[in-house]
Every structure is written in structure tokens, then in C-alpha cells.
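The values are calculated or read from the model by the stated rules, or taken from the named source; none is laboratory data. Here the structure is a predicted model, which is why all the values come from computation and not from measurement. Cβ: placed from backbone, ideal geometry, glycine included. Neighbour counts: every protein chain shown.
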Amino acid sequence: MIKYLKYTLVTLFLSGFFYSARGQYDPLYTQYMFNPLALNPAYAGTNGVLNAMIMSRHQWVGFEDAPSTQTFSIHTPVASKNIGTGLSIVHDKIGPVTNTNAFFDYSFQFYVSERVKLSLGLKAGFSHFQRDLSKYLSEVGAGDPAYSDVVETKLLPNFGFGAYFYSERFYAGLSMPRLLENKIGEDGTLTTMQAPTESRLYLMMAGFVFPLGNDFMLKPSFIFRATNSAPLSYDINLSLLIRQRFWIGGMARPGYGFGALLQYQISPQIRAGYAFDMSTNKLMTHQNGTHEIMVSYEFNFRKENIQNPRYF
């Protein structure tokens, strides 16, 4: 069975379909509500302090050449506090395909009511795309030297924009983090392949919190993902904050899977989280789920009275 799956993956890689299909929803996170900067540039600087976050996601653990994603983001308000800047770096790998994104973010915030602010953001940067099929093609070609050195590298510029409404206990965002539809492989370097495209990605997310007595806060949230050439995907989350320290929650991704998340406020500046997903498709019996860990740190140099813990 494993041999069959390997050759199925090779066929998908050769057709260009696998990258095209899974690339539509990049990046994919279960803890998206605590990592908005990679998805929406308007989030930059909105929490009032310099914040750094690292996240590592390992999908379909136990399955050879399964997807993995590492993310680093940092953002801060500047000057008048109505402006935010940020940087997000995402390293994504699946089989022979590696894609590293580096984007700078800029936002401007203003009040639309006494308690609600609107932030508008722009992001610009590039993706470094590499596809190395030498391992897979040599297996399929039974050692044929013609397949021993098949590597393609591309540097693809792009930009995006977003809007983010927020208050102390509510947020809603719209974004298009990837606007240009860059062609990959269109120069014919790999003549055995089609030319997959970086399709535009449209995102909508929202969430709010409300108290359940003195020690509990309930937070429902959702995210919708849409692209030009794939079905709509969305997550629905429900989390409970216990005594301002401990988050516990569940996630449903209809048609794709389900999961759970835990987060702990270690100190006023440090937060750590873990999420687990399980697929409901045919790969379910051949892997051990998806694991995602996150750590964030807030640098409050001015020692101001900043909201803690963060709801968003």
C-alpha cells in the first residue's frame, strides 16, 4: 500500500496538480486566531506592543514527505500608534516542493466608533519556489540518468492587502494576501510538467468573546478561505478561556477534518499553544494526524498597561 501511495504522489507531482491544489490555501493554520499577521497585513501593530511569534505545523505525521510549515512573524506599532509595521516569513515544504515567503506589512488604524477601530494594511514581498524531482523521477525512471537532476527554482514577487475591524472583544477581517497570479514553470524548464499558478487567495475571519461568570470567557471564531480554482474551505472554532490563563477549544473543518487546541499564558509576556488535527479523508488511516505548536512573546518596553491575556 505504501508503495502504491508513493507512486500516486509521484504522478501528482509530475502533473503539477498536487502543488496547484494544496497551494491554494497557503498558509493553513489551526491557531489562525493567534497568528493573523501571516494572513492579513492589517493586523500589524494592532495589539499595541512589539510581538514576536513562531509556529511549526507538521501535517499527516508518519506519512513520507508530508507537508510541514514553519512561520515567524513580528510586528509593532510605530510613532503615533496609528501605524503598524511587521514582517512574516513562512517556510512551506511538501515532498519535492519548497516554498519560502518573506513579506513586509504596513497598516494604518483609526477609530470608526468610540470602541471600534479599523485597520487597513498592505503587504509586499516574494516567494522563493523550488521543485526538486530528482529523487522521485529516478525512482520512476528506474535509474535513468535523464531523470537524475531535475530542479527548478523561481523567485516570485507578490503583494496583498487587508482590512481589520477590532475592539477589546471582537474582530473581523478581510484580506487578499496574494494578489498576483504568478506562473510556475511557464518558461518550459521542465517540459514534463504543466505550469501551476499561484492563485489568488481570499480570506474572511471573525471572532468575539463574551464572559461566562467571573472565571470563564467563551470565544467562537471562524475563517473562510476561497480561491479561483478550488472549493470553499472554512474552519469553525469554539474556545473557552479559564481564569485568564488557559485556553481549551475544538475545531471543525467540514469535509476535511476536526481538531482541538490548547494554549497557556505562561507569564504576562509569554504564551504557548498546541493544536491537533485529524483528517477525515482516505489518508486518515495512513498517518497520525497534524500537530501544530506556537510560542509568542510580547516586548513591552514602555511598561504600559497592556491588555492581558490577548483575546485575539
Consider PHE208 carefully, then state whether it is closer than 30 Å to ASN82 by Cα, of a type in the set (Phe, Trp, Tyr) and at pLDDT 90 or above.
yes
Of those in segment 64-76 that are under 18 Å from the mean Cα position of the chain (by Cα) and assigned to a loop (DSSP other than H, G, I, E, B), the residue nearest to ASP92 (Cα to Cα) is PRO67
Working only within segment 240-268, note down all residues that are in contact with a Leu (Cβ under 7 Å, 6 or more places away or on another chain) and in contact (Cβ under 8 Å) with a residue 60 or more places away in the chain.
MET251
Residues being modelled with pLDDT under 90, assigned to a loop (DSSP other than H, G, I, E, B) and not hydrophobic (A, V, I, L, M, F, W, C) - total across segment 118-168:
6
LEU37 - would you say it is at pLDDT below 95 and in a loop (DSSP other than H, G, I, E, B)?
no
Suppose the filter is modelled with pLDDT of 85 or more, surrounded by fewer than 15 Cβ atoms within 10 Å (Cβ to Cβ), assigned to a strand (DSSP E or B) and in contact with a Leu (Cβ under 9 Å, 6 or more places away or on another chain); does PHE110 pass it?
yes
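Of the residues that sit in segment 229-255 and are of a type in the set (Ser, Thr, Tyr) and surrounded by fewer than 17 Cβ atoms within 10 Å (Cβ to Cβ), which one is farthest from TYR32 (Cα to Cα)? If you could, list the steps in order and put the result at the bottom.
Quick first cut of segment 229-255, residues of a type in the set (Ser, Thr, Tyr) only: 229, 233-234, 239.
When the remaining residues are screened for being surrounded by fewer than 17 Cβ atoms within 10 Å (Cβ to Cβ), the result is 229, 234.
Numbers: SER229: 23, TYR234: 12 Å.
Ranking the qualifying residues of segment 229-255, first place goes to SER229.
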Candidate set: segment 40-63, residues that are assigned to a loop (DSSP other than H, G, I, E, B) and touching a helix residue (DSSP H, G or I) at 6+ places or on another chain (Cβ under 7 Å); chosen: the one modelled with the lowest pLDDT
PHE63
Among SER199, SER221, SER267, the single one that is more than 18 Å from GLN59 (Cα to Cα), under 19 Å from the mean Cα position of the chain (by Cα), in a loop (DSSP other than H, G, I, E, B) and not acidic (Asp, Glu) is SER199
Unmet criterion (only one of (1) modelled with pLDDT of 50 or more; (2) under 17 Å from the mean Cα position of the chain (by Cα); (3) outside any strand (DSSP E or B)) for TYR19
(1)
